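Okay, structure first, notes after.
The values are calculated or read from the model by the stated rules, or taken from the named source; none is laboratory data. What you are looking at is a predicted structure, and each value in this text was computed from that prediction instead of being measured. No Cβ is skipped: glycine too gets one built from the backbone with ideal geometry, and neighbour counts run over all protein chains shown.
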Amino acid sequence: MLSLVIAESALELVPGNLQGHSSVRASARRLGKKPSEILLDVSWHFAAMKGIENEIKRGRPDLVHICLLEASSIPLYFENKLSVYVHTIDDRVITLGRSVRLPKSYHRFAGLVEKMYADGRIEEGGQRLLEIAEMGFGELLEKIKPKQVVGLSSTGAASTYQKLAGEVAEDSCIVVGGFPKGHFSGSISKHFDRTVSVEKVPLEAHVIICRMLYELEKRIIT
């Protein structure tokens, strides 16, 4: 089965050292939750995030939401030929269940993810929708055991979606960055068998996912 990993994703709960900041406390009150129970979001926590480690790669859970909607709204996923994972910047892995229809509303998605952090998983009718576990990127690859790991990055060797789709085996793993700016860290890219650039200019992750999966879908689903 083909795997998609959205890696180093800008999705995390507010870390402990930021929970006392006024902007974090204000948004927590607005949501009726504790500061430790809400997602870090630069839209609300910009002041609190100034100067934190990896600042440009954090606090954008909305990007992860869009990426997941793209990956889970296509035949490749509905026909159980694609597994989807989110690896977060703080080394947790979210596994998307089978035939999950995620909320289109970001606010509902954020609430669902916050509940998942609290409970460890989201289930409905006995079916696992989302599950989270502490897990590094390398550990996730050991679990998936892909034939090949391909990282999509503007720093990679030039190719095209069509060409790469023809070269990737169906049990490979495609890795796309789940952050707004920057590049994969060395701890992630060292696991790639290939690093490929499929665009002449950098595009947002959800666009890359959409175009790459479409080309793979045309080949895998006949």
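Filter the range 79-123 for residues that are among the hydroxyl-bearing types (Ser, Thr, Tyr) and modelled with pLDDT of 95 or more; which is farthest from Glu8 (Cα to Cα)? It would help to see each step written out before you state the result.
Filtering the range 79-123 for residues among the hydroxyl-bearing types (Ser, Thr, Tyr) gives 83, 85, 88, 95, 99, 105-106, 117.
Subsequent filtering for residues that are modelled with pLDDT of 95 or more retains 83, 85, 88, 95, 105-106, 117.
Numbers: Ser83: 17, Tyr85: 11, Thr88: 5, Thr95: 14, Ser105: 23, Tyr106: 20, Tyr117: 17 Å.
Filtering the range 79-123 for residues that are among the hydroxyl-bearing types (Ser, Thr, Tyr) and modelled with pLDDT of 95 or more, the one farthest from Glu8 (Cα to Cα) comes out as Ser105.
So that you can scan it fast, the table gives a plain yes or no per residue for (1) crowded, with 19+ Cβ neighbours inside 10 Å; (2) of a type in the set (Asp, Glu); (3) closer than 23 Å to Arg60 by Cα; (4) out of contact with any helix residue (DSSP H, G or I) (no Cβ under 7 Å at 6 or more places or on another chain):
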position	(1), (2), (3), (4)
Glu139	no, yes, no, yes
Lys145	no, no, no, yes
Ser172	yes, no, no, yes
Pro202	no, no, yes, yes
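Quick one: which of Arg29, Arg60, Arg101 is touching a residue at least 24 places away in the same chain (Cβ under 8 Å) and either surrounded by fewer than 17 Cβ atoms within 10 Å (Cβ to Cβ) or of a type in the set (A, V, I, L, M, F, W, C) (or both)? Let's see the steps before the verdict.
On the way: Arg29 fails: touching a residue at least 24 places away in the same chain (Cβ under 8 Å); Arg60 fails: either surrounded by fewer than 17 Cβ atoms within 10 Å (Cβ to Cβ) or of a type in the set (A, V, I, L, M, F, W, C) (or both).
Result: Arg101 is the single residue among Arg29, Arg60, Arg101 that is touching a residue at least 24 places away in the same chain (Cβ under 8 Å) and either surrounded by fewer than 17 Cβ atoms within 10 Å (Cβ to Cβ) or of a type in the set (A, V, I, L, M, F, W, C) (or both).
Taking helices (runs of 4 or more DSSP H) that fall entirely within the range 74-160, which contain at least 1 residues that are among the basic types (Lys, Arg)? Show your work before the answer.
Values: elements: 75-78, 106-119, 137-144.
Hits in the range 74-160: 106-119, 137-144.
Within the range 151-167, track down each residue that is touching a strand residue (DSSP E or B) at 6+ places or on another chain (Cβ under 6 Å) and either among the acidic types (Asp, Glu) or within 29 Å of Val42 (Cβ to Cβ) (or both).
Passing the criteria: Gly151, Leu152, Ser153, Ser154, Gly156.
Check Glu131, Glu123, Glu170 and return the single one that is touching a strand residue (DSSP E or B) at 6+ places or on another chain (Cβ under 7 Å), over 26 Å from Ile188 (Cα atoms) and assigned by TED's automatic domain parsing to the domain that holds Gly182. Lay out the reasoning, then the answer.
Working: Glu131 fails: over 26 Å from Ile188 (Cα atoms); Glu170 fails: over 26 Å from Ile188 (Cα atoms).
Glu123 is the lone residue from the list that is touching a strand residue (DSSP E or B) at 6+ places or on another chain (Cβ under 7 Å), over 26 Å from Ile188 (Cα atoms) and assigned by TED's automatic domain parsing to the domain that holds Gly182.
State yes or no: is Glu170 acidic (Asp, Glu), within 19 Å of Leu76 (Cβ to Cβ) and in a helix (DSSP H, G or I)? It would help to see each step written out before you state the result.
Details: acidic (Asp, Glu): yes; within 19 Å of Leu76 (Cβ to Cβ): yes; in a helix (DSSP H, G or I): no.
The answer is no for Glu170.
Could you please give the count of residues in the range 40-57 that are in a loop (DSSP other than H, G, I, E, B), more than 20 Å from Leu102 (Cβ to Cβ) and touching a residue at least 24 places away in the same chain (Cβ under 8 Å)? Don't jump to the end; show me each part of the working.
Keep residues of the range 40-57 that are in a loop (DSSP other than H, G, I, E, B), which gives 40-41, 50-54.
Then keep just the ones that are more than 20 Å from Leu102 (Cβ to Cβ); that gives 50-54.
Pick out the ones that are also touching a residue at least 24 places away in the same chain (Cβ under 8 Å) and you get 52, 54.
Looking only at that region, the number is 2.
For Ala7, work out the one condition from (1) touching a Pro at 6+ places or on another chain (Cβ under 8 Å); (2) within 27 Å of Val150 (Cβ to Cβ); (3) buried (at least 20 other Cβ atoms within 10 Å of the Cβ) it doesn't fulfil.
Unmet for Ala7, out of (1) touching a Pro at 6+ places or on another chain (Cβ under 8 Å); (2) within 27 Å of Val150 (Cβ to Cβ); (3) buried (at least 20 other Cβ atoms within 10 Å of the Cβ): (1).
Here are some conditions: (1) surrounded by fewer than 22 Cβ atoms within 10 Å (Cβ to Cβ); (2) of a type in the set (Val, Ile, Thr); (3) touching an Asp or Glu at 6+ places or on another chain (Cβ under 7 Å). Thr88 meets all but one. Which one does it not meet?
Result: Thr88 fails condition (1) only.
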